[in-house]
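A short write-up of the structure that comes next.
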Amino acid sequence: MVSKIDKQPIPITEIEQSAFCQTDDELASKTLEEEFDSGVRWQKLPVSYMRTSPEELEKKISYAKNKLGNKIMILGHHYQRDEVIQFADIRGDSFKLSQHAADSPDAEFIIFCGVHFMAETADMLSGRNQKVILPNLTAGCSMADMAHIDDVLDCWDDLTEILGEGSVIPMTYMNSTAAIKSLCGKNGGIVCTSSNASAAFDWAFERGEKILFLPDQHLGRNTAVTKGVTLDEMIVWNPFKPQGGNTIEQINNAKLILWQGHCSVHTRFTTAQIDAARKADSEVSIVVHPECTLDVVESADYVGSTEYIKEIINEADSGTRWGVGTEISLVNRIAAENPDKDVFCLDSVVCPCSTMYRIHPAYVAWVLDGLLEGVVVNQIEVDEETRKFSRIALERMLSIK
Ligand code: SF4
């Protein structure tokens, strides 16, 4: 189902205009990974795609999809705009989409309409014969980018030196680079999602006295509180300060070391917004994502992943009213799909996830046209070593209930 906002003209943001203005020569000397790693934030795209109308782009994508048939699979993350999601073969959160890719060995090309770490995960979980494509290489995740592998390795060395080997279990949220997942796999750690973070905490505390949680301090803190860890048993690791800004004593006493990362979308929600929603309607139900801050999570009626938020509203009684603390594209879609309920975003001026938004239909059309011509553009490939240890951390996650 496509909501009414699909019919609006597709806005071209300033970033995208700059991207379109780059010439091929300017980027010709770089590999795709260099483009991403070097901090270059513009994705080259032939200028003709910029001049293509939204209607023409829709036609181009539909044509390519039909022509390529089962050779391709388009995965659409819940936070994608409707103009893109309408072409997704399946929608979901990052792990559901990666699992779907792994369970679909016939699709030779997986077009991941999401962000960079998701495409990496899909590459690690899919078959060797499958190629994962990210339509716009600049679609990263600001949270994942807050934990750079060099900084995390420095932190890990410090912790090992201070605490000795084996006492800290590294745990990373799915929203992290493959390099971070690999570090966890190599050092007895695990990956978690927002759905299974609680079980992953149990798994880790059975194996070590302390957890290093990466990269989202809020998911880590919110989960730990439900496990009985008190706030004074947690420290935050600031990668820009020696020893993360902590004393040796604080590190020794901590049960949980939280990496100083956050989601710029979910940390916009506040208890004042929740209070205002309740003041307007005392019957309203509040549901938020666990990437929100602890006070917001504690003030909400329900807390859960994007899949959970979607399900709880879909299954709610007609006539109910829902204030939601998550990304606006998803909230708008849930609202459109539940016309018998009143569903609204807690932050009336919240922006979409700006990096997810970089998957403009023009890029989707471009990569599909490439495949029609036998050219694979923007393939995301994780190297063998990283893949091997990341899979260990991912398989540990899959083994927990
Ligand atoms: S919503 Fe937040 S965590 Fe999710 S992709 Fe965007 S920046 Fe990353």
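A short reminder: the numbers here are calculations on the coordinates, not readings from a lab. Not measured: the values here are computed from a predicted model. Glycine also receives a Cβ, built like all others from the backbone with ideal geometry; neighbour counts cover every protein chain displayed.
Between Asp383 and Glu55, the FRET efficiency estimated from the beta carbon spacing at R0 = 35 angstrom works out to 0.30. In segment 144-262, Rg over Rh equals 0.91, where Rg is the alpha-carbon radius of gyration and Rh the Kirkwood radius from pairwise Cα distances. In plain terms, the chain from Ser142 to Tyr302 could stretch by 55.1 nm, reckoned as 0.36 nm per residue minus the Cα-Cα distance. Length gained on full extension, Asp103 to Glu373, computed as 0.36 nm times the residue gap minus the Cα-Cα distance: 94.5 nm.
Partner aspartates and glutamates whose Cα lies under 15 Å from the Cα of Lys341, excluding those fewer than 8 positions away in the same chain, are identified as Asp281, Glu283, Glu311, Glu315, Asp317. Taking amide H positions as modeled 1.01 Å from N, with prolines and chain starts lacking one, the residues under 5 Å from Cys192 and 5 or more places away or on another chain are Thr172, Tyr173, Met174.
Hey, if you drop one equal point scatterer on each alpha-carbon of segment 218-297 and run the Debye formula without solvent, what base-10 log of I(q)/I(0) do you get at q = 0.20, 0.22, 0.25 Å⁻¹? For the requested q values the scattering log ratios are -0.92, -1.02, -1.16. Once both labels are positioned 7 Å from their Cα atoms along Cα-to-Cβ, the gap between Ser282 and Val225 label points is 2.5 nm.
The label-point distance for Glu395 and Asp158, in a model that sets each label 7 Å from Cα toward Cβ, rounds to 3.3 nm. Each residue of the chain gets 145 Å³ once the volume of the Cα convex hull is shared out per residue.
With the charge dipole of the chain set up from +1 on Lys and Arg Cβ and -1 on Asp and Glu Cβ about the Cα centre, the Cα lying farthest toward the positive end among the listed residues Ile85, Asn175, Leu137 is that of Ile85. My understanding is that a pair violates if its Cα-Cα distance is over 19 Å; which of Lys227/Lys255; Lys186/Lys227; Lys60/Lys131; Lys181/Lys310 do that in this structure? Lys186/Lys227; Lys60/Lys131; Lys181/Lys310, as the Cα separations exceed 19 Å there. As a rough footprinting exposure proxy, the listed residues Trp366, Trp259, Trp156 were ranked by other beta carbons within 10 Å of their own, and the order from fewest upward is Trp156, Trp366, Trp259. Cβ-to-Cβ counts within 10 Å put Met234, Met50 in ascending order as Met50, Met234, the fewest first. Karplus-derived 3J(HN,Hα) values for segment 384-394, using 6.51 cos²θ - 1.76 cosθ + 1.60 with θ = phi - 60°, are 4, 4, 5, 4, 4, 6, 5, 5, 4, 5, 5 Hz; glycine and proline are entered as x. Semi-axes of the equivalent ellipsoid for segment 296-367, computed as √(5λ) from the eigenvalues of its C-alpha gyration tensor and ordered from largest down, come to 25, 15, 11 Å. At full extension, Phe344 and Thr271 could sit 24.7 nm farther apart than now, given 0.36 nm per residue minus the alpha carbon distance.
Between Asn314 and Lys241, the modelled labels are 4.4 nm apart [label points 7 Å from Cα along Cα→Cβ]. Of all aspartates and glutamates in the structure, the ones whose alpha carbon falls short of 17 Å from that of Lys71, not counting any fewer than 8 places away in one chain, are Asp89, Asp103, Asp106, Glu108, Asp123, Asp369, Glu373.
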